[in-house]
Amino acid sequence: MRLGKAMGHRWLAATAAAALAVTLGAAACSSDDDSSSDGAGRPAGAPSEIRIAYQAIPNGDLIVKHEGWLEAALPGTKITWTKFDSGGDVNTAVIAGSVDIGLAGSSPVTRGLSAPLNIPYQVAWIHDVIGPAESLVVRNDAGITDVAGLAGKKIGTPFASTAHYSLLAALEEAGVAQSAVTLVDLEPPDILAAWTRGDIDAAYVWSPTLDELKKTGTVLTDSAKLAAAGYPTFDLGVVTKKFAEAYPDALAEWLRQQDKAVKLIDSDPAKASAAIAAELNITPDEALAQTKGLVFLTGDEQLGAEYFGTPAAPGKFADGLLGAAEFLKTQAAIDAVPTLDTLRAGLGVEDLDSAFSG
């Protein structure tokens with residue numbers, strides 16, 4: 001498994017984290033412990049608050065949020081959901097101390113687990129394996145029919161994201177040097193605005209923004225095709241090590257609710273799509289179509305050899321992150337390639353195994 005041809009965009013983490021901390025203000029406080037029930041229904045030892053960073057991605061995380069399952073499972077604990085536009089922003093929020101659990105793509109997570117960031121979090125869950133829900137689309141009026149035709153064009157994508165990684169992989173596979181195109185760092189809402197104005201010729205981005213671009217554009221390739229070529233990408237759930245160590249029961253409950261959402265997508269896609277649609281402000285049919293662009297894994301499946309594995313038999317996922325880190329180093333995006341043991345330590349295998357071992 002190869003995750004790695006990530007970006008040469010160097011992120012000034014300390015500056016960004018400080019700026020976000022100012023923006024979020026009081027939200028930067030860490031979740032408080034409580035050694036006994038507070039009379040509001042919170043079990044002894046449960047956190048008073050869990051701060052979750054989510055994204056507008058049509059997966060189980062939106063179902064858990066919309067249905068209020070975590071709130072019901074952890075009575076007395078305040079669940080604060082904050083929307084972010086990219087995994088790079090989630091990394092910044094974690095560094096700022098503003099997030100306990102968050103969703104980020106495999107590329108920003110690989111950066112986060114490597115120097116110079118060395119973010120003290122761990123991968124706790126695979127929200128989805130990215131497929132056609134993340135694609136490279138070109139304007140119909142550009143007259144371009146393949147990736148090679150993008151030479152000399154302007155392409156928008158969120159830097160340090162899985163889309164950015166996949167874009168570079170697509171260009172490399174087509175023999176187009178990165179220097180032959182103009183890459184523009186734009187978050188999904190800004191991509192749509194730039195596309196509407198005619199400021200960019202193409203974009204690599206995810207649904208639901210992708211679906212808007214496809215109305216006047218043509219898909220040249222997607223993340224499913226790139227995965228088949230050896231470049232798989234994922235949306236991952238990360239949790240700070242501080243939170244995981246302090247509140248293992250709460251983390252296990254969060255994992256079980258994510259698993260419940262994955263199973264709902266499989267067993268009752270209509271209900272799952274309705275919940276996702278409500279969060280994304282689209283129709284259930286549109287939401288259902290978008291979920292088909294992603295692959296969802298249950299907790300038991302994630303404990304398989306191709307992914308996390310078990311504490312006694314580590315899976316292949318960390319090997320893929322190592323490949324990603326090796327490429328990041330060639331792009332001067334990280335200072336050094338971490339060891340395989342370091343990356344394995346960045347996976348919450350024991351927490352996942354505990355949540356689903358019976």
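The values are calculated or read from the model by the stated rules, or taken from the named source; none is laboratory data. The model shown is predicted, which means the values in this text are computed figures rather than measured ones. Neighbour counts are summed over all protein chains in view; Cβ atoms, including those assigned to glycine, are modelled from backbone coordinates with ideal geometry. The accessibility values were calculated without ligands, DNA or RNA, using every heavy atom of the protein model including side chains. Shrake-Rupley method; radii C 1.70, N 1.55, O 1.52, S 1.80 Å.
Things to note:
- When the residues of the stretch 245-281 are filtered to those that are among the acidic types (D, E) and either assigned to a loop (DSSP other than H, G, I, E, B) or in contact with a Pro (Cβ under 9 Å, 6 or more places away or on another chain) (or both), the one that is nearest to S207 (Cα to Cα) is E279.
- Residues being modelled with pLDDT of 95 or more and either within 12 Å of the chain's Cα centre (by Cα) or surrounded by fewer than 24 Cβ atoms within 10 Å (Cβ to Cβ) (or both) - total across the stretch 95-107: 7
Yes or no, residue by residue, for (1) aliphatic (A, V, I, L, M); (2) over 24 Å from I265 (Cα atoms); (3) touching a strand residue (DSSP E or B) at 6+ places or on another chain (Cβ under 6 Å):
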{"site": "Q290", "(1), (2), (3)": "no, no, no"}
{"site": "G299", "(1), (2), (3)": "no, no, no"}
{"site": "L303", "(1), (2), (3)": "yes, no, no"}
{"site": "P314", "(1), (2), (3)": "no, yes, no"}
{"site": "L321", "(1), (2), (3)": "yes, yes, no"}
{"site": "E326", "(1), (2), (3)": "no, yes, no"}
{"site": "D335", "(1), (2), (3)": "no, yes, yes"}
{"site": "A345", "(1), (2), (3)": "yes, yes, no"}
{"site": "E350", "(1), (2), (3)": "no, yes, no"}
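- When every residue of the stretch 32-40 is checked against the conditions, none turns out to be more than 29 Å from L226 (Cα to Cα), touching a helix residue (DSSP H, G or I) at 6+ places or on another chain (Cβ under 6 Å) and modelled with pLDDT under 95.
- Of the residues S166, S135, the single one that is within 23 Å of the chain's Cα centre (by Cα) and either at pLDDT below 95 or farther than 17 Å from L210 by Cβ (or both) is S166.
- Test: residue in the stretch 333-340 that is of a type outside the set (A, V, I, L, M, F, W, C), free of Cβ contacts under 8 Å to residues at least 24 places away in the same chain, open to solvent by 50 Å² or more (accessible area, probe 1.4 Å) and under 23 Å from L62 (Cα atoms): no
- Applying a threshold of 9 Å to beta carbon distances and a minimum spacing of six or more residues, or different chains, the list of pairs starting in the stretch 226-251 at a residue that is closer than 16 Å to V94 by Cα and ending at one that is assigned to a strand (DSSP E or B) and polar (S, T, N, Q) reads V238/Q122; V239/Q122; T240/Q122; K241/Q122; A244/Q122.
- Flag for K242 being in a helix (DSSP H, G or I), among the charged types (D, E, K, R) and touching a Ser or Thr at 6+ places or on another chain (Cβ under 8 Å): yes
- Residue within the stretch 60-82 that is open to solvent by less than 10 Å² (accessible area, probe 1.4 Å) and either part of a strand (DSSP E or B) or of a type in the set (D, E) (or both) present: yes
- Given (1) under 30 Å from P189 (Cβ atoms); (2) surrounded by fewer than 19 Cβ atoms within 10 Å (Cβ to Cβ); (3) without any contact (Cβ under 8 Å) to a residue 60 or more places away in the chain, index of the condition S273 fails: (2)
- The criterion of at least 1 residues that are modelled with pLDDT of 95 or more and more than 21 Å from K241 (Cα to Cα) is met, among helices (runs of 4 or more DSSP H) falling completely within the stretch 282-358, by 284-291, 299-302.
- Considering residues of the stretch 110-138 that are touching an Asp or Glu at 6+ places or on another chain (Cβ under 6 Å) and open to solvent by 30 Å² or more (accessible area, probe 1.4 Å) only, the residue farthest from S86 (Cα to Cα): P116
- The stretch 157-226 holds helices (runs of 4 or more DSSP H) entirely within its bounds, and those carrying 3 or more residues that are open to solvent by 40 Å² or more (accessible area, probe 1.4 Å) map to 188-197.
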